[in-house]
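Asker: Quick one: the structure is below, and I'll ask about it shortly.
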Amino acid sequence: MTDMEKELERFYEVCRDLESGKVRVAEKTDGEWKVNSWVKEVILSGFRYGRLTDMSQGCFPFFDKDTIPVRTFTAEDGVRIVPGGSAVRRGAYLAPSVIMMPPAYVNIGAYVDADTMIDSHALVGSCAQVGRHVHLSAASQLGGVLEPVGALPVIIEDNVFIGGNCGIYEGTIVRENAVIGTGVIINSSTALFDATTGEYIRANEKGQIVVPAGAVVVAGSRPVSKGPGAAKGIHLYTPVIVKYRDSKTDASVVLEDLLRD
């Protein structure tokens, strides 16, 4: 067996383990998220050795590496994928009771836990980790972080609500029970302002923004403090924590439970 054949055999084995949930790209250990960089390395080998091939299905033409086809599911998997053009790539895990509305996309290495809703036009990027009972609203994006292999992916913890047209990128961690309002964009270079404390939350030593547990975040702005922009009253986009989740916030998202039935 050649080195390439050995690596491909390993790649297929790891993809099966990713799809079953046995292996994950990132895991929470002792309260801290850690990346399994070896899993990313194996995933990259599948891209390296794959050959472009025709994977067209019916009236839907598409072309990709032959090592990374679209995943198929059966009713026994317990995943509700509503017809209309969604796709899940090989090496992604969707737990039983996940709902996927069309069209949506889940990329390789992603992990989506039970009772989560992926709404229309939403993206779960490569290696993104999504917890239990999360709502990813229509047209929202969880960025993919496959390289560098040591970088943590985007992580959405349990019971998070993400509004429509949001973008969560560059290894951002959204802690449990947070609510991300419509249109909020968070990445490593976007400071998050906490209006309850008057302080900015900036990227940590790993280059990640961490949204605190229970934070309610909306789109906001801050004035440019110097230069021509300040004189002209220019503002820069800034996500703002306006409060922390309470019973009123919970009531505003309770409709989600009804939609899962």
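The values are calculated or read from the model by the stated rules, or taken from the named source; none is laboratory data. Predicted, not measured: the structure shown is a model, and the values here were computed from it. All Cβ positions, even for glycine, are placed from backbone atoms using ideal geometry, and neighbour counts span all protein chains on display.
Asker: Taking only pairs six or more apart or across chains, which ones have beta-carbon atoms under 9 Å, a first residue in the range 84-111 that is over 17 Å from Gly131 (Cβ atoms), and a second residue that is part of a strand (DSSP E or B) and among the small types (Gly, Ala, Ser)?
Answerer: Matching pairs, first to second residue: Pro103/Ala87; Ala104/Ala87; Tyr105/Ala87.
Asker: Moving on. Report, ordered by the first and then the second residue, all pairs with beta carbons closer than 7 Å, sequence separation of six or more or different chains, a first member in the range 172-189 that is over 19 Å from Cys127 (Cβ atoms) and surrounded by fewer than 23 Cβ atoms within 10 Å (Cβ to Cβ), and a second member that is modelled with pLDDT of 95 or more and among the polar types (S, T, N, Q).
Answerer: Note: pairs meeting the criteria are Glu176/Asn159; Asn177/Asn159; Thr182/Asn165; Gly183/Asn165.
Asker: Which one of these is under 15 Å from Val25 (Cα atoms) and small (Gly, Ala, Ser): Ala122, Ala178, Ala110?
Answerer: Ala110
Asker: Looking only at the range 211-261, how many residues end up being within 22 Å of the chain's Cα centre (by Cα), at pLDDT 90 or above, outside any strand (DSSP E or B) and not charged (D, E, K, R)?
Answerer: Of the residues in the range 211-261, 3 are within 22 Å of the chain's Cα centre (by Cα), at pLDDT 90 or above, outside any strand (DSSP E or B) and not charged (D, E, K, R).
Asker: What single numbered condition from (1) in contact with a Leu (Cβ under 9 Å, 6 or more places away or on another chain); (2) touching a residue at least 24 places away in the same chain (Cβ under 8 Å) fails to hold for Gly131?
Answerer: For Gly131, the exception is condition (1).
Asker: Any residue in the range 211-223 that's under 11 Å from Tyr244 (Cα atoms): show its pairings with residues that are in a strand (DSSP E or B) and of a type in the set (Ser, Thr, Tyr) at Cβ separation under 8 Å, as long as the two are six or more apart or on different chains.
Answerer: Hits for this filter: Pro212/Tyr244; Gly214/Tyr244; Ala215/Tyr244; Val216/Tyr244.
Asker: Could you tell me which residue of the range 190-200 is nearest to Ser140 (Cα to Cα), considering only residues that are part of a strand (DSSP E or B) and either in contact (Cβ under 8 Å) with a residue 24 or more places away in the chain or of a type in the set (Gly, Ala, Ser) (or both)?
Answerer: Leu192
Asker: Moving to a separate point now. Considering Leu146, Leu152, which residue is assigned to a loop (DSSP other than H, G, I, E, B), surrounded by fewer than 19 Cβ atoms within 10 Å (Cβ to Cβ) and among the hydrophobic types (A, V, I, L, M, F, W, C)?
Answerer: Checking each option against the conditions leaves just Leu146.
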